[in-house]
Amino acid sequence: MLIAPSMLSCDFTKMGEELTKLVSAGADWIHLDVMDGHFVPNLSFGLPVIQALRSTSDAVFDVHLMIEEPETYIDRYIDAGADVLTVHLEACKEDPARVLESIRERGVIAGLSIRPGTPAEEVYPYLDAADMILVMTVEPGYGGQKLIPACVDKIQEIKTYAAEHGKKILVEVDGGINLKTAPAVRLAGADVLVAGSAVFGAEDFAAAIAALRGE
Ligand code: DX5
Ligand code: ZN
């Protein structure tokens, strides 16, 4: 079980320090949410911020692109420092399999994400091209929302389908993960949990990360 705290809930006046604190608290990956104001109704941060953080840290950067036509930006986000790069199925103009392959060709973990309204089976054609499926359990765009319970079923559906078809795939879950919701998400078979407000809202990051992991 990997825990990927989301920097979307950090204090943006001291991002570098927040990142260092997460790493010392035992974060496995650092989740970085990129929003374009089109695919989602919010803007966050992009290339120069990720590049600046990369110059201060060798942590695993898990970049979640909530942007239209992500294929246009793959190389730039990899150059900026992404180790894991996730695009939304709904946002790709090109064949998602080709987009995922272009990520993988650069030695980066290729992720494919679906919004709450997109059924699990829509990712099945891409289980060979993708290394990871990111199941959104809230409408992407904002931190601090409530997990949509119906989305949790998709985790198990994808894990079961992948096992039955001999596909190796990680499932990451993002949105509304906290100490109350994490057990069901872990039980459904999630490999990576993203948590923004649950980590940054805690007094003790290390304790929050360990608790999310189920320790
Ligand atoms: C939402 C982002 C999430 C967000 C999660 O669109 O993709 O990564 O930071 O925040 P919480 O954990 O507060 O729901
Ligand atoms: Zn995210």
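How large is the charge dipole for the stretch 48-173, taken about the Cα centre, if only the Cβ atoms of Lys, Arg (+1) and Asp, Glu (-1) carry charge, to the nearest 20 debye?
For this selection, approximately 280 debye.
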Legend entry - Integer Hz, Karplus 6.51/-1.76/1.60 couplings in order for the stretch 58-73, x for Gly and Pro: 10, 4, 6, 8, 9, 9, 9, 8, 9, 9, 5, 6, x, 4, 5, 10
Inset, instruction - Determine the shape class of the stretch 50-112: with a ≥ b ≥ c the square roots of the Cα gyration tensor eigenvalues, call it rounded for a/c under 1.5, and otherwise prolate if a/b is greater than b/c, oblate otherwise. - result: prolate
Inset, instruction - Report, to the nearest whole %, how much of the accessible area of the chain belongs to carbon and sulfur atoms, 1.4 Å probe, protein only. - result: 51 percent
Inset, instruction - List the relative contact order of the stretch 76-152 as a percent without decimals, with contacts defined as Cα pairs under 8 Å and 6+ residues apart. - result: 27 percent
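Quickly estimate the mean residue ellipticity at 222 nm for the chain, helices only: each DSSP H run with n ≥ 4 gives -39500 (n - 2.57), and the total goes over all residues, rounded to 500. Walk me through the intermediate numbers first.
Numbers: 8 runs with 69 residues, N = 215.
Dividing the helical sum by the residues of the chain leaves -9000 deg cm²/dmol.
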Legend entry - Lysine pair number, Cα distance threshold 21 Å (strictly under), the chain, separation 8 or more or different chains: 7
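Ignoring trypsin sites (Lys or Arg not before Pro) that are buried or in helix or strand per DSSP, and keeping those with at most 10 other beta carbon atoms within 10 Å, what is the longest stretch of the chain between them? Walk me through the numbers on the way to the answer.
Working: sites that count: Lys168, Lys180.
Longest run free of exposed loop sites: 1-167.
Please work out whether the stretch 97-161 counts as rounded, prolate or oblate from its C-alpha gyration tensor, where a ≥ b ≥ c are the square roots of the eigenvalues and a/c under 1.5 means rounded, while otherwise a/b larger than b/c means prolate and anything else oblate? It would help to have the intermediate numbers written out before the result.
Details: a/c = 2.61, a/b = 1.55, b/c = 1.69.
Oblate is the answer for the stretch 97-161, as a/c is 1.5 or above yet b/c matches or exceeds a/b.
Evaluate the relative contact order of the chain (contact order divided by residue number), counting alpha-carbon pairs under 8 angstrom at least 6 apart; express in whole percent. Walk me through the numbers before you get to the answer.
Working: 437 pairs, mean separation 44.5, N = 215.
Value for the chain: 21 percent.
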Inset, instruction - Over the stretch 1-151, average the accessible area per residue using a 1.4 Å probe and give it in Å², no decimals. - result: 42 Å²
Legend entry - Charge-dipole axis of the chain as Lys and Arg at +1 and Asp and Glu at -1 on Cβ define it, positive-most pick from Val138, Ala120, Ala80: Val138
Inset, instruction - Would you grab the residues whose amide H sits under 5 Å from the one on Ile177? Only those 5+ places off in sequence or on another chain, please, with H modelled 1.01 Å from N. - result: Gly196
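The values are calculated or read from the model by the stated rules, or taken from the named source; none is laboratory data. Because the structure is a prediction, the values reported are computed rather than measured. Because the Cβ atoms are built from the backbone with ideal geometry, glycine has one as well, and the counts that use them run over all protein chains shown. Heads up: the accessible areas ignore ligands, DNA and RNA and are worked out on the full protein's heavy atoms, side chains in. Shrake-Rupley method; radii C 1.70, N 1.55, O 1.52, S 1.80 Å.
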